[in-house]
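What follows is a single structure, written as structure tokens, with notes after it.
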Amino acid sequence: LNEFENYAKLKSSEEMKLVFGKILSGEITKPGTFSIRTVRLISQLDNQAAQLFQLLCSQSVSMYIGKSHMLDARVVSFSGNPASNSLTKYGLSFDNLNVLQEYGLIISDYNSYMNYAPCVANDGIHLAATLYFGETHYGLIPTDKEKYDKTVRLNGVAFTKAGKELRKIIPLKEAANYKNDLEDFFTKKHLKLTKI
């Protein structure tokens, strides 16, 4: 807590004060929620990196078991490779991704993948996991039982362990363009993004 206090009092922006308040709250209610490495990392972010991370979080999807266990978090690259600027449209150019990677918030393979099939309700009802976007949990409902993508392989920029810890508490900005593209992406896979 002493180390935390030293880092927190150096921050001046209201958003960063809010983030540090959430970290402190999490540590009081459930000690060990955030690693010391994560607290150090957030304290070292400059304004540019903090804004880029907020942008990244606002456009990320996560896979959850229940409401609290995050298995994965990433920004999906709908087509192309983020290392070749395929996410520039969303403010996440290769150079911006490099900044986030240098701070240890994303992994170095900008086009890794994860199987999100547990988020598909094959029977239209039951889900093994949920897909989280913005502040909402979703399920993927097949629109064509024969043609839908059974693997739901999502390529893109994956968060590190510290990035996932922080993703839960970063205040998000609206990402309507990204959400529209995400819905279109799933529609082409014969899946409907449905709030649960």
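Within the set of other residues whose C-beta is less than 14 Å from the C-beta of Y178, count the net charge using Lys and Arg as +1 and Asp and Glu as -1.
On the way: positive: R74, K89, K173, K179; negative: E174, D181, E183, D184.
Summing Lys/Arg as +1 and Asp/Glu as -1 gives 0.
Express in whole angstrom the spacing between the alpha-carbon centres of the stretch 99-134 and the stretch 46-77.
Here the answer is 9 Å between Cα centres.
Sequence-distant or interchain residues sharing an amide H contact under 5 Å with L71, placed H: which?
Under 5 Å from the amide H of L71 lie the amide H atoms of M63, Y64, I65, each far enough along the sequence or on another chain.
Restrict the search to the stretch 35-143; then list the trypsin sites (Lys or Arg not before Pro) that DSSP places in a loop and that have at most 13 other Cβ atoms within 10 Å of their Cβ.
Counting only loop positions with at most 13 other Cβ atoms within 10 Å, the trypsin sites (Lys or Arg not before Pro) in the stretch 35-143 are K67.
Counting Lys and Arg as +1 and Asp and Glu as -1, what is the net charge of the other residues whose Cβ lies under 15 Å from the Cβ of T143? Don't skip to the answer; put the middle values down first.
Details: positive: K145, K147, K150, K188, K189, K192; negative: D123, D144, E146, D149, E183, D184.
My count for the surroundings of T143 gives 0.
Over the stretch 43-175, what is the relative contact order in whole percent, taking alpha-carbon pairs under 8 Å and six or more residues apart? Don't skip to the end; give the middle numbers.
Numbers: 220 pairs, mean separation 44.2, N = 133.
Value for the stretch 43-175: 33 percent.
Apply the Karplus curve 6.51 cos²θ - 1.76 cosθ + 1.60, θ = phi - 60°, to the phi angles in the stretch 182-196 and return the couplings in whole Hz, x for Gly and Pro.
Here the 3J(HN,Hα) series is 5, 4, 5, 4, 6, 4, 5, 9, 6, 10, 10, 6, 10, 4, 10 Hz.
Whose amide H sits under 5 Å from the amide H of T160, counting only residues 5 or more places off or on another chain, with H placed in the peptide plane?
It is I106, I107, by chain and number.
Under a 5 Å amide H to amide H cut-off, with H placed in plane at 1.01 Å, what residues pair with N81 once short-range neighbours are removed?
S86
At a 1.4 Å probe radius, carbon and sulfur cover how many percent of the accessible area of the stretch 78-121? Spell out each step's value before the answer.
Values: 950 of 2010 Å².
Exposed carbon and sulfur together represent 47 percent of the surface.
Once phi is turned into ³J(HN,Hα) by the Karplus curve 6.51 cos²θ - 1.76 cosθ + 1.60 with θ = phi - 60°, what whole-Hz value does each residue of the stretch 166-172 show in order, with x for glycine and proline?
Whole-Hz 3J(HN,Hα) from phi for the stretch 166-172: 6, 4, 5, 10, 6, x, 8.
Give a quick list of trypsin sites (Lys or Arg not before Pro) in the stretch 93-196 that DSSP marks as loop, anything other than H, G, I, E or B, with at most 14 other Cβ atoms within 10 Å. Could the numbers behind the result be given before it?
Working: sites: K145, K147, K150, R153, K161, K164, R167, K168, K173, K179, K188, K189, K192, K195; in loops: K145, K147, K150, K168, K173, K189.
Those that pass, being in a loop and sparsely packed, are K145, K147, K150, K173.
Using the Karplus curve 6.51 cos²θ - 1.76 cosθ + 1.60 with θ = phi - 60°, what ³J(HN,Hα) values do you get for each residue of the stretch 48-55, in whole Hz, with x for Gly and Pro?
Once rounded to whole Hz, the list reads 4, 5, 5, 5, 5, 5, 4, 4.
The values are calculated or read from the model by the stated rules, or taken from the named source; none is laboratory data. What you see is a predicted model, and the numbers here were worked out from it, not measured in a lab. Please note: Cβ atoms are built from the backbone with ideal geometry, for glycine as well, and neighbour counts cover all protein chains shown. For accessibility, only protein heavy atoms count, side chains too; no ligands or nucleic acids. Shrake-Rupley method; radii C 1.70, N 1.55, O 1.52, S 1.80 Å.
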